[in-house]
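Presented below is the structure to which this report refers.
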Amino acid sequence: MAKVAIIGGSGHVGTYLVPRLVEAGHKVINVTRGQRAPYQPNGAWKDVETVLIDRDDTERDGTFGPAIAALNADIVIDMICFTLPSAQHLVAALQGRVQHFLHCGTIWVYGHNTAIPATEDQPLNGFGEYGSQKAAIETFLLDEARRTGFPATVFRPGHIVGPGWAPLNPAGHFNPEVFWKIRRNEALVLPNFGLETVHHVHADDVAQVVMRAIATRATAVGEAFNAVSPQAINLRGYAEHMYRWFGHQPKLSYLPFEQWKALQDAEEAQATWEHLARSPSHSIEKGQRLIGYQPRYSSLQAVEESVRWLGAKGNTAT
(Lines give C-alpha, C1' and ligand atoms only; values in the text may rest on other atoms or scores of the structure.)
Protein backbone atom coordinates (compact mmCIF):
# COMPACT_ATOMS: atom_id res chain seq x y z
CA MET A 1 0.00 0.00 0.00
CA ALA A 2 0.98 3.66 -0.25
CA LYS A 3 2.48 6.18 2.12
CA VAL A 4 -0.07 8.96 2.51
CA ALA A 5 0.58 12.41 3.98
CA ILE A 6 -2.57 14.31 4.92
CA ILE A 7 -2.14 17.99 5.67
CA GLY A 8 -4.70 18.99 8.28
CA GLY A 9 -5.80 15.45 9.04
CA SER A 10 -7.14 16.16 12.53
CA GLY A 11 -10.13 18.15 11.26
CA HIS A 12 -13.69 17.03 10.65
CA VAL A 13 -13.12 15.19 7.37
CA GLY A 14 -9.80 13.83 8.58
CA THR A 15 -11.54 12.31 11.58
CA TYR A 16 -13.22 9.91 9.14
CA LEU A 17 -10.63 9.85 6.36
CA VAL A 18 -7.56 8.92 8.39
CA PRO A 19 -9.10 5.72 9.84
CA ARG A 20 -10.32 4.77 6.35
CA LEU A 21 -6.77 5.16 5.03
CA VAL A 22 -5.28 3.10 7.87
CA GLU A 23 -7.90 0.37 7.51
CA ALA A 24 -7.12 0.20 3.78
CA GLY A 25 -3.52 -0.63 4.66
CA HIS A 26 -1.87 2.71 3.94
CA LYS A 27 0.91 4.17 6.05
CA VAL A 28 -0.48 7.52 7.17
CA ILE A 29 1.29 10.70 8.23
CA ASN A 30 -0.86 13.45 9.72
CA VAL A 31 0.72 16.87 9.21
CA THR A 32 -0.70 19.27 11.78
CA ARG A 33 0.34 22.40 13.64
CA GLY A 34 -0.91 21.13 17.00
CA GLN A 35 -1.94 18.06 18.94
CA ARG A 36 -5.71 18.46 18.59
CA ALA A 37 -7.51 15.16 18.96
CA PRO A 38 -9.77 13.98 16.14
CA TYR A 39 -13.47 14.77 16.50
CA GLN A 40 -14.32 11.10 17.13
CA PRO A 41 -12.09 8.44 18.75
CA ASN A 42 -10.86 5.55 16.62
CA GLY A 43 -8.23 2.94 17.37
CA ALA A 44 -6.67 3.48 13.93
CA TRP A 45 -5.06 6.70 15.14
CA LYS A 46 -2.50 4.75 17.15
CA ASP A 47 -0.95 3.70 13.84
CA VAL A 48 -0.73 7.25 12.48
CA GLU A 49 2.52 9.19 12.51
CA THR A 50 2.08 12.83 13.51
CA VAL A 51 4.37 15.51 12.10
CA LEU A 52 4.12 18.98 13.62
CA ILE A 53 4.48 21.79 11.07
CA ASP A 54 2.99 25.27 11.27
CA ARG A 55 1.95 25.93 7.68
CA ASP A 56 1.70 29.71 7.97
CA ASP A 57 5.14 30.11 9.54
CA THR A 58 6.91 27.70 7.20
CA GLU A 59 5.26 29.10 4.08
CA ARG A 60 6.57 32.52 5.05
CA ASP A 61 10.15 31.24 5.19
CA GLY A 62 9.71 28.96 2.17
CA THR A 63 10.26 25.66 3.99
CA PHE A 64 6.74 24.20 4.02
CA GLY A 65 6.78 22.64 0.56
CA PRO A 66 10.25 21.09 0.97
CA ALA A 67 9.21 19.73 4.38
CA ILE A 68 6.20 17.99 2.83
CA ALA A 69 8.32 16.68 -0.05
CA ALA A 70 10.84 15.31 2.46
CA LEU A 71 8.16 13.01 3.87
CA ASN A 72 8.49 11.03 0.61
CA ALA A 73 4.77 10.29 0.50
CA ASP A 74 3.26 8.59 -2.51
CA ILE A 75 -0.01 10.46 -1.97
CA VAL A 76 -0.50 13.94 -0.49
CA ILE A 77 -3.94 15.12 0.58
CA ASP A 78 -4.19 18.84 1.29
CA MET A 79 -7.19 19.71 3.45
CA ILE A 80 -6.18 23.27 4.38
CA CYS A 81 -4.97 25.21 1.35
CA PHE A 82 -6.78 28.55 1.02
CA THR A 83 -4.72 30.76 -1.29
CA LEU A 84 -3.25 30.40 -4.76
CA PRO A 85 0.34 31.23 -3.65
CA SER A 86 0.07 28.50 -1.01
CA ALA A 87 -0.93 25.96 -3.67
CA GLN A 88 1.78 27.11 -6.07
CA HIS A 89 4.43 26.81 -3.38
CA LEU A 90 3.44 23.23 -2.53
CA VAL A 91 3.10 22.07 -6.13
CA ALA A 92 6.56 23.43 -6.96
CA ALA A 93 8.02 21.32 -4.15
CA LEU A 94 6.07 18.17 -5.04
CA GLN A 95 6.42 18.26 -8.82
CA GLY A 96 7.77 14.84 -9.83
CA ARG A 97 7.74 13.66 -6.21
CA VAL A 98 4.19 12.29 -5.73
CA GLN A 99 1.94 9.80 -7.48
CA HIS A 100 -1.31 11.54 -6.50
CA PHE A 101 -2.17 14.93 -5.02
CA LEU A 102 -5.68 15.58 -3.73
CA HIS A 103 -6.91 19.07 -2.90
CA CYS A 104 -9.94 19.86 -0.74
CA GLY A 105 -11.87 22.55 -2.58
CA THR A 106 -15.43 23.75 -1.99
CA ILE A 107 -18.76 24.05 -3.76
CA TRP A 108 -18.36 27.81 -3.26
CA VAL A 109 -16.16 27.88 -6.38
CA TYR A 110 -19.44 27.88 -8.31
CA GLY A 111 -20.70 31.13 -6.76
CA HIS A 112 -24.28 31.33 -7.98
CA ASN A 113 -25.32 28.54 -10.33
CA THR A 114 -26.86 29.23 -13.73
CA ALA A 115 -28.36 25.74 -13.97
CA ILE A 116 -28.98 23.18 -11.22
CA PRO A 117 -27.98 20.69 -10.12
CA ALA A 118 -24.61 22.16 -11.04
CA THR A 119 -22.19 19.80 -12.76
CA GLU A 120 -18.41 19.97 -12.57
CA ASP A 121 -18.06 21.26 -16.13
CA GLN A 122 -19.99 24.46 -15.44
CA PRO A 123 -17.99 27.71 -15.30
CA LEU A 124 -16.63 28.77 -11.92
CA ASN A 125 -18.22 31.95 -10.59
CA GLY A 126 -16.64 32.12 -7.15
CA PHE A 127 -17.13 35.38 -5.29
CA GLY A 128 -15.82 36.59 -1.96
CA GLU A 129 -12.25 35.93 -0.81
CA TYR A 130 -12.78 32.27 0.09
CA GLY A 131 -14.68 31.20 -3.02
CA SER A 132 -12.48 33.23 -5.37
CA GLN A 133 -9.22 31.89 -3.95
CA LYS A 134 -10.48 28.31 -4.01
CA ALA A 135 -11.55 28.72 -7.64
CA ALA A 136 -8.09 30.08 -8.50
CA ILE A 137 -6.41 27.17 -6.71
CA GLU A 138 -8.32 24.45 -8.53
CA THR A 139 -7.98 26.20 -11.89
CA PHE A 140 -4.23 26.21 -11.31
CA LEU A 141 -4.11 22.58 -10.17
CA LEU A 142 -6.17 21.20 -13.02
CA ASP A 143 -4.17 23.25 -15.51
CA GLU A 144 -0.98 21.79 -14.04
CA ALA A 145 -2.45 18.31 -14.45
CA ARG A 146 -3.15 18.96 -18.14
CA ARG A 147 0.05 20.84 -19.00
CA THR A 148 2.73 19.20 -16.86
CA GLY A 149 1.17 15.94 -15.74
CA PHE A 150 1.02 16.95 -12.08
CA PRO A 151 -1.30 14.26 -10.66
CA ALA A 152 -3.95 16.50 -9.09
CA THR A 153 -7.53 15.67 -8.16
CA VAL A 154 -9.93 18.21 -6.63
CA PHE A 155 -12.88 17.31 -4.42
CA ARG A 156 -15.49 19.95 -3.57
CA PRO A 157 -17.33 19.40 -0.27
CA GLY A 158 -20.68 20.97 0.47
CA HIS A 159 -21.75 22.07 3.97
CA ILE A 160 -19.93 19.44 6.03
CA VAL A 161 -21.87 17.87 8.90
CA GLY A 162 -21.67 14.86 11.18
CA PRO A 163 -20.85 14.36 14.86
CA GLY A 164 -18.34 16.94 16.00
CA TRP A 165 -19.74 19.80 13.97
CA ALA A 166 -22.76 22.09 14.36
CA PRO A 167 -24.66 21.86 11.06
CA LEU A 168 -25.79 24.71 8.87
CA ASN A 169 -29.32 25.20 10.17
CA PRO A 170 -32.70 25.94 8.50
CA ALA A 171 -32.15 29.68 8.93
CA GLY A 172 -28.95 29.50 6.88
CA HIS A 173 -26.43 30.07 9.68
CA PHE A 174 -24.70 27.99 12.37
CA ASN A 175 -26.32 28.90 15.69
CA PRO A 176 -27.66 25.61 17.14
CA GLU A 177 -30.34 27.55 18.99
CA VAL A 178 -32.45 27.35 15.82
CA PHE A 179 -32.74 23.59 16.33
CA TRP A 180 -33.67 23.96 19.99
CA LYS A 181 -36.25 26.60 19.11
CA ILE A 182 -37.84 24.08 16.75
CA ARG A 183 -37.61 21.37 19.40
CA ARG A 184 -39.48 23.63 21.85
CA ASN A 185 -42.18 23.97 19.18
CA GLU A 186 -41.66 27.72 18.89
CA ALA A 187 -42.35 29.66 15.71
CA LEU A 188 -39.49 30.25 13.27
CA VAL A 189 -39.25 33.11 10.80
CA LEU A 190 -37.36 32.41 7.57
CA PRO A 191 -36.01 34.91 5.04
CA ASN A 192 -37.86 35.42 1.76
CA PHE A 193 -40.03 32.36 1.01
CA GLY A 194 -37.54 29.81 2.36
CA LEU A 195 -36.89 28.45 -1.12
CA GLU A 196 -33.14 29.09 -1.37
CA THR A 197 -31.10 25.91 -1.15
CA VAL A 198 -28.26 24.49 0.91
CA HIS A 199 -26.32 21.31 0.17
CA HIS A 200 -24.95 19.34 3.10
CA VAL A 201 -22.62 16.37 3.12
CA HIS A 202 -21.61 14.02 5.91
CA ALA A 203 -17.87 14.19 6.63
CA ASP A 204 -17.59 10.45 6.11
CA ASP A 205 -19.03 10.79 2.61
CA VAL A 206 -16.36 13.39 1.82
CA ALA A 207 -13.82 10.85 3.06
CA GLN A 208 -15.43 8.30 0.75
CA VAL A 209 -14.87 10.58 -2.27
CA VAL A 210 -11.18 10.79 -1.40
CA MET A 211 -10.87 7.04 -0.97
CA ARG A 212 -12.66 6.36 -4.25
CA ALA A 213 -10.43 8.88 -6.06
CA ILE A 214 -7.32 7.16 -4.67
CA ALA A 215 -8.65 3.76 -5.70
CA THR A 216 -9.39 4.99 -9.24
CA ARG A 217 -6.35 7.20 -9.67
CA ALA A 218 -6.06 6.83 -13.45
CA THR A 219 -9.61 8.13 -13.83
CA ALA A 220 -9.50 10.73 -11.06
CA VAL A 221 -6.29 12.59 -11.94
CA GLY A 222 -7.01 15.88 -13.67
CA GLU A 223 -10.65 15.91 -12.50
CA ALA A 224 -12.81 17.74 -9.97
CA PHE A 225 -15.64 16.00 -8.12
CA ASN A 226 -18.55 17.40 -6.14
CA ALA A 227 -18.59 15.87 -2.66
CA VAL A 228 -22.18 16.40 -1.55
CA SER A 229 -25.28 14.43 -0.59
CA PRO A 230 -27.58 13.14 -3.35
CA GLN A 231 -29.84 16.22 -3.19
CA ALA A 232 -29.81 19.79 -1.93
CA ILE A 233 -32.66 20.98 0.30
CA ASN A 234 -34.42 24.32 0.55
CA LEU A 235 -34.69 26.14 3.86
CA ARG A 236 -38.45 25.72 4.10
CA GLY A 237 -38.38 21.97 3.53
CA TYR A 238 -35.43 21.67 5.89
CA ALA A 239 -37.27 23.52 8.67
CA GLU A 240 -40.48 21.56 8.11
CA HIS A 241 -38.55 18.30 8.35
CA MET A 242 -36.89 19.30 11.62
CA TYR A 243 -40.23 20.28 13.20
CA ARG A 244 -41.66 16.88 12.30
CA TRP A 245 -38.48 15.09 13.41
CA PHE A 246 -38.98 16.64 16.85
CA GLY A 247 -42.64 15.58 16.80
CA HIS A 248 -44.28 18.90 15.91
CA GLN A 249 -46.16 20.48 13.07
CA PRO A 250 -44.22 23.29 11.36
CA LYS A 251 -44.70 26.85 12.67
CA LEU A 252 -43.14 28.94 9.94
CA SER A 253 -43.55 32.48 8.70
CA TYR A 254 -41.57 34.55 6.21
CA LEU A 255 -40.17 38.04 5.81
CA PRO A 256 -38.30 39.78 2.99
CA PHE A 257 -34.60 39.38 3.62
CA GLU A 258 -33.91 42.99 4.70
CA GLN A 259 -36.76 42.91 7.20
CA TRP A 260 -35.68 39.49 8.44
CA LYS A 261 -32.07 40.66 8.74
CA ALA A 262 -33.04 43.57 11.00
CA LEU A 263 -34.32 41.08 13.60
CA GLN A 264 -31.18 38.89 13.61
CA ASP A 265 -27.71 38.95 15.06
CA ALA A 266 -25.58 40.76 12.48
CA GLU A 267 -22.99 37.98 12.13
CA GLU A 268 -25.64 35.30 11.76
CA ALA A 269 -27.55 37.39 9.20
CA GLN A 270 -24.36 37.79 7.18
CA ALA A 271 -23.77 34.03 7.25
CA THR A 272 -27.33 33.53 5.99
CA TRP A 273 -26.78 36.00 3.18
CA GLU A 274 -23.60 34.17 2.14
CA HIS A 275 -25.54 30.92 1.80
CA LEU A 276 -28.67 32.36 0.22
CA ALA A 277 -26.64 34.32 -2.33
CA ARG A 278 -25.08 31.06 -3.55
CA SER A 279 -28.01 28.67 -3.01
CA PRO A 280 -25.90 25.62 -3.87
CA SER A 281 -27.36 22.57 -5.55
CA HIS A 282 -24.90 20.14 -7.10
CA SER A 283 -24.81 16.94 -9.11
CA ILE A 284 -22.87 13.85 -8.02
CA GLU A 285 -23.39 12.02 -11.32
CA LYS A 286 -19.78 12.46 -12.38
CA GLY A 287 -18.44 11.02 -9.13
CA GLN A 288 -20.87 8.12 -9.32
CA ARG A 289 -19.91 7.37 -12.90
CA LEU A 290 -16.14 7.85 -12.82
CA ILE A 291 -15.04 6.87 -9.31
CA GLY A 292 -18.01 4.96 -7.89
CA TYR A 293 -19.06 7.51 -5.26
CA GLN A 294 -22.21 6.38 -3.42
CA PRO A 295 -23.00 8.63 -0.44
CA ARG A 296 -24.40 6.87 2.61
CA TYR A 297 -26.27 9.90 3.91
CA SER A 298 -28.93 12.20 2.55
CA SER A 299 -28.65 15.83 3.65
CA LEU A 300 -31.32 15.36 6.31
CA GLN A 301 -29.88 12.09 7.63
CA ALA A 302 -26.49 13.75 8.03
CA VAL A 303 -28.04 16.74 9.83
CA GLU A 304 -30.04 14.48 12.14
CA GLU A 305 -26.86 12.71 13.22
CA SER A 306 -25.20 16.05 13.96
CA VAL A 307 -28.19 17.30 15.96
CA ARG A 308 -28.25 14.08 18.01
CA TRP A 309 -24.58 14.65 18.78
CA LEU A 310 -25.23 18.26 19.80
CA GLY A 311 -27.97 17.15 22.16
CA ALA A 312 -25.89 14.33 23.62
CA LYS A 313 -23.02 16.64 24.45
CA GLY A 314 -25.36 19.08 26.17
CA ASN A 315 -25.40 21.83 23.54
CA THR A 316 -29.09 22.49 24.07
CA ALA A 317 -31.15 25.38 25.28
CA THR A 318 -34.17 24.77 27.46
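Can you give me the relative contact order of the chain as a percent, contacts being Cα pairs under 8 Å and 6 or more apart?
19 percent
Within the accessible area of the chain, what % is carbon and sulfur when the probe is 1.4 Å and the other protein chains stay in place?
Carbon with sulfur: 52 percent of the solvent-accessible area.
Can you tell me, using C-alpha contacts under 8 Å and at least 6 residues apart, the relative contact order of segment 52-201 as a whole percent?
19 percent
Using a 1.4 angstrom probe, figure out how much accessible area the chain has per residue, in square angstrom, rounded to the nearest whole.
In whole numbers, the chain has 42 Å² accessible per residue.
What number, in nm² with one decimal, is the all-direction average of the projected area of the convex hull of the alpha-carbon atoms of segment 147-203?
Here the figure is 6.5 nm², rounded to one decimal.
What per residue convex hull volume, in Å³, comes out for the chain when only alpha-carbon positions are used?
With only Cα atoms used, the chain gives 133 Å³ per residue.
Work from the charge dipole of the chain (Cβ charges, +1 for Lys and Arg, -1 for Asp and Glu, about the Cα centre) and give the residue of GLY194, ALA87, HIS26 farthest towards its positive end.
HIS26
Enumerate the amide H contacts of HIS159 below 5 Å, restricted to partners 5 or more residues apart or on another chain; note that Pro and chain-start residues carry no placed amide H.
Close amide H contacts, sequence-distant or interchain: HIS199, HIS200, VAL201.
Convert 25 °C to kelvin, take the viscosity as 0.890 mPa s, use the Kirkwood radius over C-alpha pairs of segment 226-318 as Rh, and evaluate the Stokes-Einstein diffusion coefficient in µm²/s, rounded to a whole number.
After rounding, the answer is 155 µm²/s.
Work out the length of the dipole vector of the chain about its Cα centre, built from +1 on the beta-carbon of each Lys and Arg and -1 on the beta-carbon of each Asp and Glu, and round it to the nearest 20 debye.
680 debye
Counting pairs of alpha carbon atoms under 8 Å apart in space and at least six apart in sequence, what relative contact order in percent does segment 1-136 give?
Here the relative contact order equals 22 percent.
Non-local amide H neighbours of ALA232 (under 5 Å, H modeled in plane, Pro and chain starts lacking H): which ones?
HIS282
Taking θ = phi - 60°, what integer Hz values does the Karplus form 6.51 cos²θ - 1.76 cosθ + 1.60 yield along segment 225-230, in sequence order, with x for Gly and Pro?
9, 5, 10, 9, 6, x
Per the Kirkwood definition applied to all pairs of different Cα atoms, how many angstroms is the hydrodynamic radius of segment 264-309?
Roughly 13.4 Å, rounded to one decimal.
Summing Lys, Arg as +1 and Asp, Glu as -1, what charge do residues with Cβ under 15 Å from the Cβ of PHE174 carry, PHE174 excluded?
Summing Lys/Arg as +1 and Asp/Glu as -1 gives -4.
Report, in cubic angstrom per residue, the convex hull volume of the C-alpha atoms of segment 175-298.
Cα-based convex hull of segment 175-298, divided per residue, equals 115 Å³.
Ordering SER299, SER132 by how much accessible area each has at a 1.4 Å probe, largest first, what is the list?
SER132, SER299
Per-residue accessible area for THR106 at 1.4 Å probe radius, Å² rounded to 10?
The accessible area of THR106 comes to roughly 10 Å².
For segment 86-169, state the average projected area of the convex hull of the C-alpha atoms over all orientations, rounded to one decimal in nm².
Dividing the Cα hull surface by four gives the mean projection, 7.1 nm².
Under Stokes-Einstein, with the Kirkwood radius over Cα pairs standing in for Rh, what whole-number D in µm²/s applies to segment 1-71 at 4 °C and 1.567 mPa s?
104 µm²/s
To the nearest 10 Å², what's VAL13's accessible area with a 1.4 Å probe?
10 Å²
How are the Cα pair distances of segment 1-153 distributed, in percent, across 5 Å bins from 0?
2, 9, 18, 20, 19, 16, 10, 5, 1, 0
What order do LYS286, LYS3 take when sorted by accessible area (1.4 Å probe), most exposed first?
LYS3, LYS286
Please list, ordered by chain and number, the residues whose modelled amide H lies under 5 Å from the amide H of PHE127; skip anything fewer than 5 residues away on the same chain.
GLY111, SER132
Need one value: the accessible area of ASP265 in square angstrom, 1.4 angstrom probe, rounded to the nearest 10.
Roughly 80 Å² of ASP265 is accessible to a 1.4 Å probe.
The values are calculated or read from the model by the stated rules, or taken from the named source; none is laboratory data. These figures come from a predicted structure and were not determined experimentally. Quick reminder, even Gly has a Cβ in these numbers, built from the backbone with ideal geometry, and neighbours come from all protein chains shown. Heavy atoms of the whole protein, side chains included, go into the accessibility calculation; ligands, DNA and RNA do not. Shrake-Rupley method; radii C 1.70, N 1.55, O 1.52, S 1.80 Å.
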